[in-house]
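Okay, so here's the structure we're looking at.
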Amino acid sequence: MKTAGCLPQTRLNYALILGYLAALGPLCTDLYIASLPEITQVFATTPSATQLSLTSSLVGLGIGQLLFGPLSDRYGRRLPLMISLTLLVLSTLACCFAQSMEQLIIARLFQGLSGSGGVVISRSIARDRYQGHELTKFFALLMMINGIAPIVAPVAGAGLLTIMDWRGIFIVLMLISIVLLLFSHLQLQETLPKSDRSNSSLLISFQQMGKLITRKRFIGLCLTQGFVLAGMFAYIGASSFVLQEHYHLSAQLYSVCFAVNGCGLVVSAQMSAKLAIRFGEQKVMQAVLIFAVVAVSLLLVSSYLNASLWIFLPLLFCAVIVNSMIGTTSTALAMQEIAASGSGGASALLGSLMFILGGISAPISGLGGSSPAAMALTMAGCYFIAFILYTILVTWQLTNHRQTPLQNR
């Protein structure tokens, strides 16, 4: 494992590759999100039904990590990654030819399953190479690169919709997947030596993941990040309807608002790394969670008071950007709880909870149609649960003895 001695350029090269891999699954959502109202009209369905195509992808991203995580511990990082990217190309092609909402939902499920490989394996590779504050710094760099997707993708998607329909968006996604498959095959090296790989069967690997659930701090960090990200996905799933139908923004102006929030995610990720070095990850987590609860509470109040767009957007910005700060610090803390040989399973459990909870929250926020209050209420519920779980499972556990990293052999 390489730690503080890694050259900055080497860290940047790996961060670029891993950042794009981690962003590829979410990119499949961010690029087409501006077309959700169009898809609703084409298939003559409801916003909540259309958001099931988002839910199925998120559930696929969650479940798929439970498969690709253990596979990467047993067979190395490279082979499962190549398989997942190949399947992503095929499933994205299936999205292009969907003839009904049901077909699109199924195709999106498989798109999420295959896209999960890049998400989970990118975190495992990072754990292979770094530890301590170096791991936190690397995750912050990864989050910055990963944050390019929510900045560029909605704007690009809205721009593409001016020259093509929603099916063309998936063709573009397929081409991006092909390029990344080729790039990863040529540039990415194996980071988990055979001597460090798990000798366990997949069944044993799943049992090992079950043991992780008994580690209160680890599962507390996973659930905290999962519920905060669930709030984020409630925003992702409902914001296009809220801003385009309730506040009457065009698809292009909506994409600009989405991109501004994406910029905030990038900046806040870098802030979290600097603050963690100065104050420690635990203190940063506690402070940001309190800020998140306050911000989303104000957002909820403003939505019920039917506040103007100029009040609603800044509060939404504050409620959104906390995700990258919490994501960076909680991921680093959670992965350090586990030995490198078991990082694939740990990364799988961490990621699966995020996307499964996100898949549940997205259609819930859509039940209110274009109502800002429904979106804000869902986000608030997720953030409050995250704060409570962190307090009980992580903060209170700090008074107990330190748990040793769990092996997965």
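Of everything listed in (1) over 13 Å from residue 351 (Cβ atoms); (2) crowded, with 18+ Cβ neighbours inside 10 Å; (3) in contact with a Gly (Cβ under 9 Å, 6 or more places away or on another chain), the single unmet condition for residue 123 is (1). Against the condition free of Cβ contacts under 8 Å to residues at least 12 places away in the same chain, closer than 21 Å to residue 52 by Cα and either in contact with a Pro (Cβ under 7 Å, 6 or more places away or on another chain) or not acidic (Asp, Glu) (or both), how does residue 231 come out, does it pass? No.
Matching residues to (1) under 29 Å from residue 393 (Cα atoms); (2) surrounded by fewer than 24 Cβ atoms within 10 Å (Cβ to Cβ); (3) acidic (Asp, Glu):
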{"position": "225", "(1), (2), (3)": "yes, no, no"}
{"position": "231", "(1), (2), (3)": "yes, no, no"}
{"position": "242", "(1), (2), (3)": "no, no, no"}
{"position": "253", "(1), (2), (3)": "no, yes, no"}
{"position": "260", "(1), (2), (3)": "no, yes, no"}
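Please verify whether residue 178 is farther than 30 Å from residue 269 by Cα, at pLDDT 85 or above and surrounded by fewer than 20 Cβ atoms within 10 Å (Cβ to Cβ), treating the condition exactly as stated.
no
Within the range 186-203, at least one residue is within 21 Å of residue 27 (Cβ to Cβ), in a helix (DSSP H, G or I), out of contact with any strand residue (DSSP E or B) (no Cβ under 9 Å at 6 or more places or on another chain) and in contact (Cβ under 8 Å) with a residue 24 or more places away in the chain. When residue 209 is tested against (1) within 27 Å of residue 292 (Cα to Cα); (2) assigned to a helix (DSSP H, G or I), exactly one condition is not met: (1).
Checking the conditions here, which among 121, 145 is assigned to a helix (DSSP H, G or I) and at pLDDT 80 or above?
Just a single option satisfies the conditions, and that option is 121.
Which residues, taken from the range 76-100, are part of a helix (DSSP H, G or I) and free of Cβ contacts under 8 Å to residues at least 60 places away in the same chain?
Listed by number, the residues that qualify are 79, 80, 83, 84, 87, 90, 91, 94.
Residue 214 falls short on exactly one of the conditions (1) assigned to a helix (DSSP H, G or I); (2) without any contact (Cβ under 8 Å) to a residue 60 or more places away in the chain, and that condition is (1). Criterion applied to 275, 298 was being modelled with pLDDT under 90, of a type outside the set (Ser, Thr, Tyr) and surrounded by 14 or more Cβ atoms within 10 Å (Cβ to Cβ), and the one residue passing it is 275. Could you please let me know if residue 237 is in contact with a Ser or Thr (Cβ under 8 Å, 6 or more places away or on another chain) and not aliphatic (A, V, I, L, M)? Here the answer is yes, as residue 237 does meet what is asked.
The values are calculated or read from the model by the stated rules, or taken from the named source; none is laboratory data. Note that the structure is predicted; figures quoted are calculated from it, not measured. Here the Cβ is made from the backbone with ideal geometry for all residues, glycine too, and neighbour counts use every protein chain on show.
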